[in-house]
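A.B. asks: Mind looking over this structure? Questions follow.
The values are calculated or read from the model by the stated rules, or taken from the named source; none is laboratory data. The model shown is predicted, which means the values in this text are computed figures rather than measured ones. Note that we place each Cβ from the backbone using ideal geometry, even for glycine, and neighbour counts take in every protein chain shown.
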Amino acid sequence: MTPRKKFIVIIIVLFIVISIITIIVAIVNQNNNEQIGSNEPPKQTTSVDEVTGETIIETEGKVPEGVANDGVIILGFSKLIDYGLSSNQVSQVKNAMVFYTRERLSNVKRISLDFSTAKMSVDQESGNKKITADIVIDNERRQLISMTYVSINDMWVQIFNKETNQELYNSSLHEY
């Protein structure tokens, strides 16, 4: 065999080997794509919070939107921005809610801010803005929350028993 024929045979063999490898890779990829596509989508449950009217979509294997630390769903608090609170202050109020549930309550799944009960006032002595409203815990228990605007970066949060007016939580006594 001449060197030219050897070269042509080598080229043809390389072409066949590369073609076979390409076909094998294509078949493997197709099988992988079929397996991925055959998986069922994760199950979702949808519910509407009775207090805020917000829709809660819970996807199997994922944390629901609005879930704070310790797995508590906190709803309605973003509306505080409409009352002039900064997003930092809203975060402080949410953190106070998480701290309150961790310290005082057990097995709480949801806290909703009932804006139909919201009232805003200004303290005559300090000039601080104060917002009060009901919070509803697990769609059952109502308590009163008082949020006082201390400064642009600080909120003072108090929670009271709705029936006895007993203070249940005071954020000025805690750091979070």
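A.B. asks: Taking region 148-175 as the region of interest, how many residues are among the β-branched types (Val, Ile, Thr) and at pLDDT below 90?
C.D. replies: Qualifying residue count for the region: 2.
A.B. asks: Of all residues in region 71-114 being touching a residue at least 40 places away in the same chain (Cβ under 8 Å) and among the basic types (Lys, Arg), which is farthest from Gln166 (Cα to Cα)?
C.D. replies: Checked region 71-114; the qualifying residue farthest from Gln166 (Cα to Cα) is Arg110.
A.B. asks: Do the conditions hold for Glu34, that is, is it touching a Ser or Thr at 6+ places or on another chain (Cβ under 9 Å) and at pLDDT below 75?
C.D. replies: Considered against the rule, which asks whether it is touching a Ser or Thr at 6+ places or on another chain (Cβ under 9 Å) and at pLDDT below 75, Glu34 comes out as no.
A.B. asks: Considering only residues that are of a type in the set (D, E, K, R) and in contact with a strand residue (DSSP E or B) (Cβ under 7 Å, 6 or more places away or on another chain), which ones fall in region 106-147?
C.D. replies: Lys109, Arg110, Asp114, Lys119, Asp123, Lys129, Lys130, Asp134, Asp138, Arg142
A.B. asks: To continue, here is another question. Residue by residue through region 140-158, note down the ones that are touching a residue at least 60 places away in the same chain (Cβ under 8 Å) and either of a type in the set (Ser, Thr, Tyr) or under 15 Å from Thr117 (Cα atoms) (or both).
C.D. replies: Those that are touching a residue at least 60 places away in the same chain (Cβ under 8 Å) and either of a type in the set (Ser, Thr, Tyr) or under 15 Å from Thr117 (Cα atoms) (or both): Met147, Tyr149.
A.B. asks: Which residues, taken from region 87-133, are of a type in the set (Asp, Glu) and either over 23 Å from the mean Cα position of the chain (by Cα) or crowded, with 18+ Cβ neighbours inside 10 Å (or both)?
C.D. replies: Matches in region 87-133: Asp123, Glu125.
A.B. asks: Considering only region 43-87, how many residues are modelled with pLDDT of 75 or more and part of a helix (DSSP H, G or I)?
C.D. replies: Number of matching residues: 8.
A.B. asks: Consider region 147-167. How many of its residues are in contact with a Phe, Trp or Tyr (Cβ under 8 Å, 6 or more places away or on another chain) and surrounded by fewer than 17 Cβ atoms within 10 Å (Cβ to Cβ)?
C.D. replies: Adding up the residues that qualify gives 3.
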